[in-house]
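Participant: Structure below; questions to follow.
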Amino acid sequence: MEKELLKNAVPLLLEWYGLSKRDLPWRKDREPYHILVSELMLQQTRVEAVKEYYVRFLTKFPTAQALAEAEEEAVLKAWEGLGYYSRARNLHRAAKVIAAEGFPETREGVRALPGVGDYTAGAICSIAYNMPCPAVDGNVLRVLSRLLADGRNTDEPAVKRAYSQLLEGVYPPQAGDFCQALMELGAIVCLPNGAPLCGRCPWEKICRAHTGGEEARFPVRKEKRARKVVSVSVFVLEREGRYALEKRADKGLLAGMWQFPLREENDLPAYGEVVKTKKAKHIFTHVEWDMAGYYVKANAFYPEYVWATAEEIRKNYAIPSAFKAYTVWVK
């Protein structure tokens, strides 16, 4: 019953996609390296935020070989502002594998690349190679749960596996278009938080949730845990046109990234004269930083820090967007 419904839905979706798909830079070709770059950038990041980064990144690193030969700091700098920097490191590692061995042409080979999970492997194989490999993410889970009026918890791995198996049985010859069409429907029509645009949907007449008037019920998900709020103090220390930077630990949040000196304790170090202050906050997936920023005319070049000019910081040091409120002080 579910498979039959989905089979009937496929041609409707493909026709809609042909007429309604967005003009996105990573849809210009089916080059596997390009698809890998786009899919890693799009993990947990909005399409609008990725578009310019994608173009700039491929201008700087047009091939896997070029990326493989780059220094990690250069890769992180090109990624600066996109967040989740482990993706950039994984992409760099994957490029080294591809440069040495060629781009893998099987799902298992693609899945073995650093940073590539089941969803990303499915997306790359279907889009680049037209393989019938499902790519099931939150968008696809939401779309299918509404189409089928499926009350199972979509956060459960078993449900994702079941949807993958169901999709495998209905993939059309245009596998890449079908994969992207599912993503597109969830991104621009079958929106989250009970707000789908059903009047624009190619499945309006066959969607069980819509015909039953129950769109808001789906998908069923676990209740999210509240984020932990952490108070931090950020110090933009300036002395003789140079600014203090420190590198974060190699593990954990923002691992190995450069930042302005940051402290989680309440006592403020006596670095010098505080001339500006600013409050800000930054939300990570599970943690929220409540930030107090201090622009300080430092009374010494503290040796525990790297001291760099504004120009050097702009060219060479990738500073996460968590510190965006304070990078404006670096001039």
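Participant: Could you do me a favour and compute the accessible area per residue for segment 211-331, 1.4 Å probe, result in Å²? Kindly include the intermediate steps, with their values, before the conclusion.
Facilitator: Values: 7230 Å² over 121 residues.
Counting only protein heavy atoms, the per-residue value for segment 211-331 is 60 Å².
Participant: Taking every pair of distinct Cα atoms and averaging 1/r, then inverting, what Kirkwood hydrodynamic radius in Å comes out for segment 1-108?
Facilitator: Details: mean 1/r = 0.0641 Å⁻¹.
Value: 15.6 Å, from the Cα pair sum.
Participant: First select every other residue whose beta carbon is under 13 angstrom from the beta carbon of L5; then total the charges, Lys and Arg +1, Asp and Glu -1.
Facilitator: Working: positive: K3, K7, R146, K205, R208; negative: E2, E4, D150.
Once all neighbours under 13 Å are counted, the net charge is +2.
Participant: Express as a percent, rounded to the nearest 5, the fraction of DSSP beta bridges in the chain (both residues included) that run antiparallel. It would help to have the intermediate numbers written out before the result.
Facilitator: Working: 20 of 32 bridges.
Just about 60 percent of them are antiparallel.
Participant: Taking the Cβ of A318 as the center, what net charge do the other residues with Cβ under 14 Å away carry, scoring Lys and Arg +1 and Asp and Glu -1? Walk me through the numbers before you get to the answer.
Facilitator: Details: positive: R56, K60, K77, R87, R89, K247, R248, R314, K315, K324; negative: E71, E72, E73, E80, E246, E312.
Counting the neighbours of A318, the net charge comes to +4.
Participant: While we're here: Spin-label point model (7 Å from Cα, Cβ direction): what's the R30 to M1 distance in nm?
Facilitator: Between R30 and M1, the simple spin-label model gives 3.7 nm.
Participant: Now a separate question. For E52, tell me the accessible area in Å² from a 1.4 Å probe, rounded to the nearest 10.
Facilitator: 130
Participant: Could you put H92, H210, H286 in order of accessible surface area, largest first, with the 1.4 Å probe and the full protein assembly present?
Facilitator: Values: H92 10, H210 50, H286 130 Å².
Result of the area sort, largest leading: H286, H210, H92.
Participant: I've got another one for you. Quick check of the Kirkwood formula: for segment 80-232, what is the inverse mean of 1/r over all pairs of different Cα atoms, in Å?
Facilitator: Values: mean 1/r = 0.0579 Å⁻¹.
This gives a value of 17.3 Å.
Participant: Positive end of the dipole of the chain, charges at C-beta (+1 Lys, Arg; -1 Asp, Glu), about the Cα centre: which of F103, G151, P11 has its Cα farthest in that direction?
Facilitator: The listed residue farthest towards the positive side: G151.
Participant: If I model the chain as equal point scatterers sitting on the Cα atoms and use the Debye formula, what is log10 I(q)/I(0) at q = 0.07, 0.08, 0.09, 0.14 Å⁻¹?
Facilitator: Each listed q maps to, in turn, -0.37, -0.48, -0.59, -1.12.
Participant: So, with +1 on the Cβ of K and R and -1 on the Cβ of D and E, and no other charges, what is the size of the charge dipole of the chain about its Cα centre, to the nearest 20 debye?
Facilitator: Numbers: 48 positive and 42 negative charges, 130 e Å.
Magnitude of the dipole: close to 620 debye.
Participant: Could you state the accessible area per residue of segment 1-125 in Å², with a 1.4 Å probe and every protein chain left in place? Each step should come with its number before you reach the end.
Facilitator: Details: 6090 Å² over 125 residues.
Ligands and nucleic acids excluded, the result is 49 Å² per residue.
Participant: Which percentage, to the nearest 5, of the DSSP beta bridges contained in segment 173-328 is antiparallel? Don't jump to the answer; show the numbers that get you there.
Facilitator: On the way: 20 of 31 bridges.
Among the beta bridges of segment 173-328, antiparallel pairing accounts for roughly 65 percent.
Participant: Can you send over the carbon and sulfur percentage of the accessible area for the chain, probe radius 1.4 Å, protein chains only?
Facilitator: Carbon and sulfur together cover 50 percent of it.
Participant: Using θ = phi - 60° and the Karplus relation 6.51 cos²θ - 1.76 cosθ + 1.60, list the HN-Hα couplings for segment 14-27 in order, rounded to whole Hz, with x at every Gly or Pro.
Facilitator: 5, 5, 4, 4, x, 8, 10, 5, 6, 8, 10, x, 7, 9
The values are calculated or read from the model by the stated rules, or taken from the named source; none is laboratory data. The structure displayed is predicted, hence computed values, not measured ones. For neighbour counting, all protein chains shown are included, and Cβ atoms are generated from backbone atoms with ideal geometry for every residue, glycine included. Heads up: the accessible areas ignore ligands, DNA and RNA and are worked out on the full protein's heavy atoms, side chains in. Shrake-Rupley method; radii C 1.70, N 1.55, O 1.52, S 1.80 Å.
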